[in-house]
Amino acid sequence: MKKITLLFTFTLLVLFARAQNGLECVEVEVYYVSNANDTLANADGGVLPVGSKTYRVYADMQQGYKFQAAYGVPGHELRLETTTLFFNNIDRGATSPTYTKPQAASNTVMLDSWFSVGAGCTGNYGIFKSVDDGVATVVNNFAPQVLQNNDIAAGIPLTQEDGLIAGTGNPEQVTFVGFTTPELDVFDAGTVGNLLSTHNASWASLNGSKGYDTVANKVLIGQFTTDGIFSFKLNIQVGTPSGGVENYVADSAVGNEILLSCLTYVSPVDTTEDTTGVGINNDFVSSEIESFSIYPNPTNDIVTISYYNTISNVHYTLFDVEGKVLANKELNGRAVKNSEQIDLSFFANGIYILQLSADGITTTKKIIKN
């Protein structure tokens, strides 16, 4: 009985310690979805593909903790990637949000891709639109149709809440450590690219950053716009209220490092529901493959691919989040609904990417294994 009591007490202590981690999660907000009007009106703002999504990434910490850095070191890659290109505004865009709130009213600078340690623009914190107070919302004066899209995928329209708010003090400024110019160019004005990967650099807050709401304590650490599938793998250091530090990693934790699954992210593919209740990928509709769905998702072991097809050269590839091929197979197709099962029971829990190709047409979905 004594052993059981001690074991139970130890288990509670472990669970309590985990619950007290300073970094609770990394959260992603879809800030805006661009439309054709934004593209047409963007003459001096760079190339903005129709349907581009702007993602804001936040470090959600417990009260009293400070965001110190997102980093890559040997053994822990820092990676931000899209399957197409990141959008960089060529007017006032930069690697951090250095434009002012009045300047944010010009063309599409509010959709620029950048790193942050709290700011959404000079003198203003970046916050979730859902907690904005609606005061001094940016009114775009470049053209009436710019940033007016009311896409349901982005929630509250920018015309109502812009996610920018002035505080009693200014947000901390970004300090870049170890990055080369070509690496940062991926997110600088006038350049294009699809990948930032490093094992020896960070973007940091030298004084540590707390959220505008210091109780909720969510710090905006980056904004990224792309019409492709957006993904990241982050490692984050936070400062504790007592002056210590905690390090959170996306994988391969050692020593005092804390593994946190939400440090890895792949943007979901838009789906709707067909009459069978299985999601259909709207980005993948053609005369050859009329629907592509996977279920159950999340899954514990077996996932089923379901698709309609009138040709025979269908192929799937399963990747991990680092792009390593884990499985691939040619599938037979008929002019009826087809299905194929993939056994994930031998793989670790986490996020996987499934790509289905047919006659030059390709689409991708995220699989979560619990």
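Here are a few things to note about the model shown:
- Hits in the stretch 130-179 - residues which are touching a Gly at 6+ places or on another chain (Cβ under 9 Å) and of a type in the set (Ser, Thr, Tyr): 130
- Lone qualifier among 101, 129 - being in contact with a strand residue (DSSP E or B) (Cβ under 9 Å, 6 or more places away or on another chain), of a type in the set (D, E, K, R), touching a residue at least 60 places away in the same chain (Cβ under 8 Å) and more than 27 Å from residue 82 (Cα to Cα): 101
- Checking every residue in the stretch 134-157 against the condition of being part of a loop (DSSP other than H, G, I, E, B), touching a Cys at 6+ places or on another chain (Cβ under 8 Å) and either not hydroxyl-bearing (Ser, Thr, Tyr) or not assigned by TED's automatic domain parsing to the domain that holds residue 48 (or both) gives zero matches.
- When 208, 193, 222 are checked against the criterion of being under 29 Å from residue 62 (Cβ atoms), touching a residue at least 12 places away in the same chain (Cβ under 8 Å) and surrounded by fewer than 21 Cβ atoms within 10 Å (Cβ to Cβ), 208 stands alone in meeting it.
- Test result for residue 117, under 15 Å from residue 48 (Cα atoms) and surrounded by 22 or more Cβ atoms within 10 Å (Cβ to Cβ): no
- Comparison of 156, 152 shows that the only residue that is surrounded by fewer than 22 Cβ atoms within 10 Å (Cβ to Cβ), without any contact (Cβ under 8 Å) to a residue 12 or more places away in the chain and among the aliphatic types (A, V, I, L, M) is 152.
The values are calculated or read from the model by the stated rules, or taken from the named source; none is laboratory data. All values derive from a computational prediction rather than experimental measurement. No Cβ is skipped: glycine too gets one built from the backbone with ideal geometry, and neighbour counts run over all protein chains shown.
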